[in-house]
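Okay, structure first, notes after.
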Amino acid sequence: MPAGTWYSGEWGISSLASRLLGVVADARLMRRGFHSGTPRPATWAERSTAVPDRPSDLAWARMEPVRSIRYGIQKGLSAPFAEVMTHPQIEGSEWVQQLDRPAILVANHSSHADTPLLLHALGDRVRERTVVAAAADYFYRRPWLGRVVSLWLNTFPFARSGGAQEVMHRSSVLLKSGWNLLVFPEGTRSPDGRLQPFKPGVGHLAVENRTPVIPMHVRGSQRVLPKGRNVPLPAPVRIRVGKPLSPGAGETSRDFADRVEQAVQALAKGSTSPELTGSWIERWKASDKRAPRPRARLAPEAPE
Amino acid sequence: MLALEFSRSIPSYLLMRAAGGRAEVATSDLSLLHLGDVDVPELPGPGWRQVRPLVSGVCGSDLAALTGHASFYLEPLTSYPFIPGHELSGRLEDGTRVVVQPVLGCAVRGIEPPCRFCAEGRIGLCLNVTEGPIDVGLQTGYCAGTGGGWGELLVAHESQLYEVPEALSDEAAMLTEPLACSIHAALRGAATKDDVVLVAGAGAIGLLTVAAVKLYTPPRQLICIAKYPHQAELARSLGADLVVAPAQAYQRVRFATGARRLEGIERDVLLGGADITFEATGNAGSLSDAVRLTRGGGRVVAVGMPGEAKVDWAPIWQRELEVTGAYAYGVEKSTGKRTFEMALEASASLNLDRLVGPLFPLTEYKEAIAYALAAGRMSAVRVAFDLRGLSDG
Amino acid sequence: MARPGAVIEVDRNTPPTLFHYGEGFRLERLPLGSRIVYPPDPIDPIGHPERAIRRALSNPLEDDPLKELLRPGMKLTIAFDDLSLPLPPMAAPDVRGLVIEEVVDAAARAGVEDVELIAAISLHRKMTADEIRHIVGDRVFTTFWPDRLYNHDAEDPSQNVLIGRTNQGEEVWLNRRASESDLVVYVNLTLVPMDGGHKSLATGLGCYRSVKAHHTVDTLLQSRSYMHPPDSALHASCVRQGELIEDAVRVFHIETSVNNHSFPAVANFLQKRETDWTTGDQAAFFALKQVTDLAPPDVKRAAFHSMLAPYGMTGVNAGQVDKVHDKTLENVRRQMMVPVEGQTDIVTLGVPYLGPYNVNSIMNPVLVVCTGLGYLFNLYKNKPVVREGGVVIIEHPCRYEFNAVHHPSYVDFYDEVLADTTDPHEIESRYEKRFAEDAWYRQMYQQSHAYHGVHPFYAWYWAAFTLQHCGDVIVVGGDRATVHRLGFKSATTLEDALEMAEQTVGRWPSITHLRTPPLMLCEVD
């Protein structure tokens, strides 16, 4: 039997009423005490944050449980949607079925649909370990958009102008900690689907880290979701993956960047030369599911 | 005298058209056709005779007029009210059995000199169908002054009359007119012995065209598209080498002509096809098939009376087809003979009685029209009125 | 240990017998005293197929191990059987895919750059990408399609070369790529004794001019039966052609055989004898029967054609063609052979939804004849199960339906040729050439997925011996007009059909029902 009666004690009606009154009083105080739009007090003229905003690289997006949630979203929503909308035709997928060390994936860019389609083309194992470089000044200008995109596509902010050192450094850290990096070296979406000149950053990154580069080419995504439209429409999409390119000994980053650009151009033209798509023996070996591979472990990211 | 009279009435016409060819509407009291006592047509002048019809057929063009599906083009070329019936066998006062060539050209209208077409013998194209002592009209049966086959009596000019040989029955003689149309069409088609000829449709006109083509311009292969089994059997006996169902037309014409067939939307496309196609139904679907079943540079002859039909002109344009009509008869250039004479000769060997029937008295015209509208399903070819009782009594 | 096949006599306690009936079934009560021939149960498959394949490749019969035949810089062509085998198609992985993967792997290790894979379709329809993918497996497909993995084209003059003539004057043609290769590896799947051996290459990569040497009415009439190669004029001709090819090209032959586990778990009762049906099987049959009785044909077809068979591999051999084929036939017979005592007056059989030429397609009336009277009837050794002048009763709906893409020449064969005559000799002499040379059929064969123009003739010739041997053919439950067009008699029930048959074979006939598929080979003495 509980002691006391219904109107007294800790959960009695009088006690509850007084707590409610307390809440109301607080709310009234806050509402009256803080104004917006009124002049600041003269004595506190300067606005400042006590703790400076550290530029976030959204490390949370690459940790559990976000990774599992993302896997679910991509398997359950993105992949079926991509299949239905574009029925993507993927050529050379054996090159990205499994990678024994981190690689830079380079693709042309003509649509916001590129990223989900390319990730779809990668296959589960590689997709799980791929981060996407997304324009910091576009996606991360609005924090909620940045978070949604990071959750869905595992993007990280990539500054297109200014702070090149910083961005290169962060990308290297990601590569070193075992992540593949999907980059669009054109810098922005092509207005008409044709290839635009590549920016040289990819060359630097690859040469500096001795990372192979996998050229990819998407055709048709521009019809799905062109620049300037917000609603995707169904259209067929073809994705070609080329043989990985590695920077040669003594090859400068600029030369290597040119070579990568030529490879993507050749893929766009549909060339099937062995230098580009590999001989059948190379592709056969690349697609060997039985050969045991050292599963790359994700190292903890280097602290700054 | 007793006759079925066709009058002109816009509300009735609209009603018929809305009913979409339903027999009970087309013969109702609101219809364009009425049975009753009408004035006996007067003889317009010398050379005209009175003819008492014996058997008078219900033609597809009559049915089109009744159900409001005839082309507006024909409207100014007709005078109202008229008594329908232009394919008939009849008897003169003196007892001679005759058939009437219904076309009302210069000779009939007493125009001297005749227009250039009548002079050539192509009386169907006569330019003077509005002149002379009788009313406007292309044919007996569409002209107010002459009477028509669906009445007790009509008047005809001597130049319209052809004596029927003893051996020919009244029923077979009645088919002289449509047979003459078909012979005219066959000669306009002018198939050679290397051609593959297609006759689309196996109603009376289609069957008679099969017979005419076989007789006058025998081709390498004669294919007939027939919808109903009795039509298929008749087509075969009249000389078709191959009879196919409409649903199989593309498949079987392709095989017969060694063409290629491409799958299309709604209709297929044949690369190749028949050399000459006779379209003997006059309906839009069949016309659209006909132009696709004919090879490039081939000839399509419209025999059945078409109305205002939606036909895709792209095949005609792309295949450079020669599309030609075949309306009526006169004197055939290729033989130098009159078409009716040729038809009377031809029908001696064709045993055309089997195409005619059943026969109805004029008083049962509602049943007759209903039967004629459903002729294919009822296993009939040409429904006709039997007027022998009337004239004898 | 699997049970061997059996011949059972119908008595009062025998449950009703299942008849295949197109995309459906009928349950019939056979008269007392009738015999039912049941196929053997599936024999135990090889436990580890990949290992067995590797062993076969490294220990071939009368040939060097595959590894030693491969060297860099050589031209290697791998040819494989098309989707007409096995029936129904095998659930992934297909045995041929497993073999091809091993061969390709060996070629990759040896560094053979120039490798091409050709589907030996002969005059069959070209397979679609997905059908090829199913046979060769995903990995081979993505590596080679479409430049180095393709369908043979028997109508492309630049792709076929004349190898020579046999001493009997038969022309031998071969795919150009195969004829120019340093090594041709043929990957076969033998389902019935007719398949495989020299027939694989000589026919599979041949063209009309070489196939017509033995696909004639006379050859087939002299093949008693073509399901038993030693008694088959067809196979004698193939051997002559094959030997000529062996002289011209280095061939490494790989043959596999599978057991007769033809139906997946959902239709397990089809695999069992009616006496063994559990309550579950009975319920499954009952449900399926009701569904197939009610469902429209398209729906039924889609469902039936999606069934894949869980075959197990029973043998794999590599090396010289004849030696390999002997071993394979041994394996096939081990699975299929059923001894049957004496011939009979009447044979009944149900024609199923599937024959060799309508995988993922429609079993049209011509193919009903080919499957029922051609293939199923001819699965005998020594002599047919039905006596000469006896009656064959088949059950099939025989609807007038054709697949316009796959069988354009079949429609015309039915409407033009069969309308004229059903006599194989007459058909052959009057119509075959025209169909074989028709430009449209050729175009459909080359550019679409159509069987060759001449193929319906071969389908009909397959049944030539049956038509000659039997006094009458009665179709139960078929469309009357279609059955008459095929030249047979039509009956509504099996009882009526037996009554009609008695007019041909006399009162109190002996009746034998072939409860097939699963397939079997009746050894009649």
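The values are calculated or read from the model by the stated rules, or taken from the named source; none is laboratory data. These numbers come from a predicted model, not from an experiment. Here Cβ is always computed from backbone atoms with ideal geometry, including for glycine, and neighbour counts include all displayed protein chains.
Each row is one residue, and each column tells you yes or no for (1) away from chain C (no Cβ under 14 Å); (2) small (Gly, Ala, Ser).
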site	(1), (2)
A:His87	no, no
A:Trp95	no, no
A:Pro102	yes, no
A:Asn108	yes, no
A:His112	yes, no
A:Leu118	yes, no
A:Ala121	no, yes
A:Asp124	yes, no
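Whether any residue in the range C:452-468 is of a type in the set (Gly, Ala, Ser), buried (at least 23 other Cβ atoms within 10 Å of the Cβ), within 30 Å of B:Ala245 (Cβ to Cβ) and touching a strand residue (DSSP E or B) at 6+ places or on another chain (Cβ under 6 Å) is what I want to check. So far as the range C:452-468 goes, no, none of its residues is of a type in the set (Gly, Ala, Ser), buried (at least 23 other Cβ atoms within 10 Å of the Cβ), within 30 Å of B:Ala245 (Cβ to Cβ) and touching a strand residue (DSSP E or B) at 6+ places or on another chain (Cβ under 6 Å). Here the helices (runs of 4 or more DSSP H) wholly within the range C:426-493 that include at least 1 residues being more than 13 Å from every other protein chain (Cβ to nearest Cβ) are C:455-462, C:464-469, C:480-486. When the range C:87-108 is limited to residues that are facing chain A (nearest Cβ under 10 Å) and over 30 Å from the mean Cα position of the chain (by Cα), the one that is surrounded by the fewest Cβ atoms within 10 Å (Cβ to Cβ) turns out to be C:Ala108.
In this structure, B:Ser61 does satisfy being surrounded by 14 or more Cβ atoms within 10 Å (Cβ to Cβ) and not hydrophobic (A, V, I, L, M, F, W, C). Selection of the range C:246-272 for residues being buried (at least 17 other Cβ atoms within 10 Å of the Cβ) and in contact with a strand residue (DSSP E or B) (Cβ under 6 Å, 6 or more places away or on another chain) yields C:Val249, C:Val251, C:Phe252, C:His253, C:Ile254, C:Glu255, C:Thr256, C:Ser257, C:Val258, C:Asn259, C:Ser262.
Quick check on the range B:293-308. Is at least one of its residues more than 27 Å from B:Leu66 (Cα to Cα), in contact (Cβ under 8 Å) with a residue 40 or more places away in the chain and crowded, with 22+ Cβ neighbours inside 10 Å?
Yes.
Checked against the criterion of being of a type in the set (Lys, Arg), part of a strand (DSSP E or B) and out of contact with any His (no Cβ under 8 Å at 6 or more places or on another chain), the candidates B:Arg91, B:Arg8 yield just one match: B:Arg91.
Looking only at the range B:258-270, residues that are within 14 Å of chain C (Cβ to nearest Cβ) and out of contact with any helix residue (DSSP H, G or I) (no Cβ under 8 Å at 6 or more places or on another chain) come to 3 in all. Taken residue by residue, the range B:363-386 has no member that is assigned by TED's automatic domain parsing to the domain that holds B:Val253, farther than 28 Å from B:Ala107 by Cα and either in contact with a Phe, Trp or Tyr (Cβ under 7 Å, 6 or more places away or on another chain) or in a helix (DSSP H, G or I) (or both).
Listed here are the helices (runs of 4 or more DSSP H) enclosed by the range C:144-219 that have at least 2 residues being under 30 Å from A:Thr272 (Cα atoms), out of contact with any Cys (no Cβ under 7 Å at 6 or more places or on another chain) and at pLDDT 90 or above: C:176-179. Restricting the range B:309-334 to residues that are part of a loop (DSSP other than H, G, I, E, B) and under 18 Å from the mean Cα position of the chain (by Cα), the residue that is surrounded by the fewest Cβ atoms within 10 Å (Cβ to Cβ) is B:Ala309.
Is it the case that some residue within the range C:351-369 is in contact with a Gly (Cβ under 7 Å, 6 or more places away or on another chain), away from every other protein chain (no Cβ under 14 Å) and outside any loop (DSSP other than H, G, I, E, B)?
yes
If you go through the range C:259-317 and pick out every residue that is among the charged types (D, E, K, R) and over 23 Å from C:Ala6 (Cβ atoms), you end up with 5.
Only residues that are crowded, with 21+ Cβ neighbours inside 10 Å, outside any strand (DSSP E or B) and either within 13 Å of another protein chain (Cβ to nearest Cβ) or out of contact with any helix residue (DSSP H, G or I) (no Cβ under 6 Å at 6 or more places or on another chain) (or both): list them for the range C:109-125, please. C:Val112, C:Ile121, C:His124, C:Arg125 - these are the residues of the range C:109-125 that are crowded, with 21+ Cβ neighbours inside 10 Å, outside any strand (DSSP E or B) and either within 13 Å of another protein chain (Cβ to nearest Cβ) or out of contact with any helix residue (DSSP H, G or I) (no Cβ under 6 Å at 6 or more places or on another chain) (or both).
In the set (1) over 26 Å from the mean Cα position of the chain (by Cα); (2) within 14 Å of chain C (Cβ to nearest Cβ); (3) surrounded by fewer than 22 Cβ atoms within 10 Å (Cβ to Cβ), the condition left unmet by B:Phe255 is number (3).
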